Amino acid sequence: MEPHPYGHHNNHFSAVPTGTPEFAAFKLNYDSRYRNIIGQLDVVVELVRRQPGRRIVTELDHLLDVMMGHIGLENNYMALMRYPHETRHRNHHYYLFVITDDLSQRFTNGQNVLLEELTNLRLLWLMHIQLHDQGFEDFLVSSPVGVGDI
């Protein structure tokens, strides 16, 4: 199964795994990916808060890489497990990517990004985790279909 890349920045997809992953490893990595995304957002927010006008292109590129690692794996798992809300969840991933990519492009082009935009992105990720990812997790826990059944 191939990952579903977004946008025109192919460099953010080089680390996205493909194939059939082990489900047990997924659960262990899943939580750390949340911490990685929110942690990287916290770094970016704090840099902009402490140093308004600072260029954070490298930090935003790293955030995109971390996001795409998470999104690629999760999109693959949703398809593998036949998650009934896969399209809606995948579309929200796309929405988060577009917002982050836009911020990164604006910084790359020398434009400023407001602190509020970054804190709103963080809030969107927290909402995504609570709504979309929790829904997928609930489905996995209640699903009679195991990885061996697929």
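The values are calculated or read from the model by the stated rules, or taken from the named source; none is laboratory data. As the structure is a computational prediction, the values presented were derived from the model and not from experiment. Methodologically, a virtual Cβ is constructed for each residue, glycine included, from the backbone with ideal geometry; neighbour enumeration extends over all protein chains shown.
Brief remarks on what is shown
- Residues that are on the phi > 0 side of the Ramachandran plot and either acidic (Asp, Glu) or surrounded by 19 or more Cβ atoms within 10 Å (Cβ to Cβ) (or both), drawn from segment 57-84: none
- Segments classed as helices (runs of 4 or more DSSP H), wholly inside segment 20-120, with at least 3 members that are under 13 Å from Asp133 (Cα atoms) and modelled with pLDDT of 85 or more: 57-80, 86-108
- Candidates are the residues of segment 58-94 that are without any contact (Cβ under 8 Å) to a residue 12 or more places away in the chain and of a type outside the set (Val, Ile, Thr); the one that is nearest to Leu41 (Cα to Cα) is Asn91.
- In segment 103-136, residue farthest from the chain's Cα centre (by Cα) [restricted to those that are surrounded by 14 or more Cβ atoms within 10 Å (Cβ to Cβ) and among the charged types (D, E, K, R)]: Arg106
- Residue tally, condition touching a residue at least 12 places away in the same chain (Cβ under 8 Å) and more than 17 Å from Leu73 (Cα to Cα), over segment 115-137: 8
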